[in-house]
1. Give, rounded to the nearest 20 debye, the magnitude of the charge dipole that region 67-108 has about its Cα centre when Lys and Arg contribute +1 at Cβ and Asp and Glu contribute -1 at Cβ.
2. To the nearest 0.05, what FRET efficiency results for residue 70 and residue 149 with a Förster distance of 41 Å applied to their C-beta separation?
3. Can you list residues from other chains, or at least 5 along the same chain, whose modelled amide H is less than 5 Å from the amide H of residue 41?
4. Please tell me which of these pairs span more than 22 angstrom C-alpha to C-alpha: 7/86; 86/116; 101/123; 50/156; 101/156; 7/50?
5. Considering only 96, 82, 107, whose Cα is most displaced toward the positive end of the charge dipole of region 81-120, charges sitting on Cβ of Lys, Arg (+1) and Asp, Glu (-1)?
6. Considering amide H positions built from the backbone, and no H for Pro or chain starts, which residues 5 or more places from residue 157, or on another chain, come under 5 Å of its amide H?
7. Starting from the 7 Å offset along Cα-to-Cβ, what nm value, one decimal, do you get for the label separation of residue 158 and residue 50?
8. Where in region 130-159 does the label zone of residue 109 land, with the point 7 angstrom along Cα→C-beta and an amide N cut-off under 16 Å?
Amino acid sequence: MPDLVGKNLAEANARVALVGLGPITQFDIGGDRSCTIDLIHDNQLVVIEKGQICQQEPIPNRVLSSQKTNVAVIVQQDDPWHGHYKGDPTDPQNQWHRMPKVIGMTVENAKLAITKAGFSIEKLTEVVPTQDPACAIGVVCRQYPEPLHSHRETSKRSLIIGEEQPPAAPAASPPDKKDKAGDKAPGGGEKKKGDFDY
């Protein structure tokens with residue numbers, strides 16, 4: 001069974017035809033016509049654009065015993081970059097957006113990208129400095145949520161950036177030893193030229 005996820009219906013029909021299946025006649029799996037918001041495919045998060053397939057039956061790479069097997073798919077009908085959870089769709093508490101990838105950006109550019117993605121409450125984007133040597137100074141090296149994950153409009157977001165290391169404290173200099181043997185005369189006075197030891 002070919003992998004149809006991320007393909008449109010024309011591409012999917014062409015693929016199943018190559019293995020003697022199709023055309024795809026069913027567009028419903030178990031009565032559920034919706035796509036999962038955060039879809040994990042091949043062990044990574046993928047964004048399924050409107051009109052693309054997000055789920056299929058039979059599953060990809062399954063060996064089929066009959067060429068008469070019906071192929072069922074679910075097609076993305078919604079905007080995969082913005083939506084709302086159950087409840088009032090106009091309530092910001094129920095709104096979600098997809099987090100852009102901002103790793104490698106300056107804080108200013110990262111905040112611009114987050115705003116462009118639809119997150120409008122700027123104060124919820126927190127900048128967290130770190131002295132991790134793997135993080136460049138002033139550049140986002142980690143982020144929460146991770147790239148492409150959906151996130152509630154009213155939840156906090158974190159940008160971890162490299163922070164300049166504080167200067168190292170100067171090493172303490174050894175005390176000035178002027179009382180070495182031969183530097184001072186007996187009794188604490190400085191030796192002078194012509195003084196004799198008795």
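Computed from the coordinates by the stated procedures, all read-outs in this text should not be read as laboratory data. Nothing here was measured: the structure is a model prediction, and the numbers come from that model. Cβ placement follows ideal geometry from the backbone for every residue including glycine, while neighbour counts extend to all protein chains displayed.
1. The calculation lands at about 340 debye.
2. Efficiency at R0 = 41 Å is approximately 0.75.
3. Amide H neighbours of residue 41, under 5 Å, 5+ apart: 46.
4. 7/86; 86/116; 50/156
5. 107
6. Those lying under 5 Å, H to H, from residue 157 are 125, 126.
7. Roughly 3.5 nm, to one decimal.
8. 136-143
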